[in-house]
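Participant: Here it is: the structure, laid out below.
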Amino acid sequence: SGTFGQGIAALRASAAATHADTVVLAGLAGGPPGSPQRSSLGIANPSDQPVTVQATLLAGAGAVLRQLSLSVPALSVVQVDGVLGGTVPVEGAYAIVRAPAAGDRFLAYASVVDNLSGDPVLVQSFAR
């Protein structure tokens, strides 16, 4: 029922992060059902081999909220909705995403969705 959609620009496979990169997605928010916002984490695999990435979700002050290992099939996208979960609302959270295996490549994004309107906001990743 949102008032606008979300566009995600196409990226070249050459822009994908590698096992040597640390990717950060900042400005995430979420919490239990009924929270004002929720966040989704998406991982795209541009290669012809499956990849596994490790994602650590942290509160703004750095406390670990959740750790995930995501397997992404070749030439596919995996998205985890409500990725922060939890029992209390969280704002200012962030995700750190890495591919531990040499040769693995991935693209990461997040969406923060207003639970009242359904309107999403794209969170683009950056390497640190």
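The values are calculated or read from the model by the stated rules, or taken from the named source; none is laboratory data. Computed from a prediction, not measured in an experiment: that's the story for all the values here. Here Cβ is always computed from backbone atoms with ideal geometry, including for glycine, and neighbour counts include all displayed protein chains. The area values use the complete protein model at the heavy-atom level, side chains included, leaving out ligands, DNA and RNA. Shrake-Rupley method; radii C 1.70, N 1.55, O 1.52, S 1.80 Å.
Participant: Among the numbered criteria (1) farther than 17 Å from V23 by Cα; (2) over 11 Å from the mean Cα position of the chain (by Cα); (3) open to solvent by less than 80 Å² (accessible area, probe 1.4 Å), which one does A127 miss?
Facilitator: (1)
Participant: Select from the range 47-61 the residues that are within 18 Å of P100 (Cβ to Cβ) and outside any strand (DSSP E or B) and write down the one among them that is most open to solvent (accessible area, probe 1.4 Å).
Facilitator: Here the residue is Q49.
Participant: Are any residues in the range 1-37 part of a strand (DSSP E or B) and either in contact with an Asp or Glu (Cβ under 7 Å, 6 or more places away or on another chain) or among the β-branched types (V, I, T) (or both), and if so, which ones?
Facilitator: T18, V23, V24, A29, Q37
Participant: Does at least one position in the range 100-115 carry a residue that is closer than 12 Å to A44 by Cα, out of contact with any His (no Cβ under 6 Å at 6 or more places or on another chain), touching a residue at least 24 places away in the same chain (Cβ under 8 Å) and not in a strand (DSSP E or B)?
Facilitator: Checked the range 100-115: no residue is closer than 12 Å to A44 by Cα, out of contact with any His (no Cβ under 6 Å at 6 or more places or on another chain), touching a residue at least 24 places away in the same chain (Cβ under 8 Å) and not in a strand (DSSP E or B).
Participant: Checking the conditions here, which among V77, V64, V121, V88 is open to solvent by 60 Å² or more (accessible area, probe 1.4 Å), free of Cβ contacts under 8 Å to residues at least 12 places away in the same chain and not small (G, A, S)?
Facilitator: Matching residue, one of V77, V64, V121, V88: V64.
Participant: Here's another thing I want to ask about it. Conditions: (1) touching a Gly at 6+ places or on another chain (Cβ under 7 Å); (2) of a type in the set (A, V, I, L, M); (3) farther than 24 Å from F4 by Cα. V77 meets all but one. Number of the miss?
Facilitator: Every listed condition holds for V77 apart from (3).
Participant: Condition first: under 18 Å from V51 (Cβ atoms) and over 10 Å from the mean Cα position of the chain (by Cα). Now tell me which residues in the range 102-117 satisfy that.
Facilitator: A102, G103, D104, R105, F106
Participant: So I96 passes all but one of these: (1) part of a strand (DSSP E or B); (2) modelled with pLDDT under 95; (3) not aromatic (F, W, Y). Which condition number does it fail?
Facilitator: (2)
Participant: What is the one condition in (1) more than 16 Å from A110 (Cβ to Cβ); (2) surrounded by 20 or more Cβ atoms within 10 Å (Cβ to Cβ) that G30 does not satisfy?
Facilitator: (1)
Participant: Additional query: Residues of the range 62-78 being assigned to a strand (DSSP E or B) and either aromatic (F, W, Y) or in contact with a Pro (Cβ under 8 Å, 6 or more places away or on another chain) (or both), which ones?
Facilitator: Passing the criteria: S71, V72.
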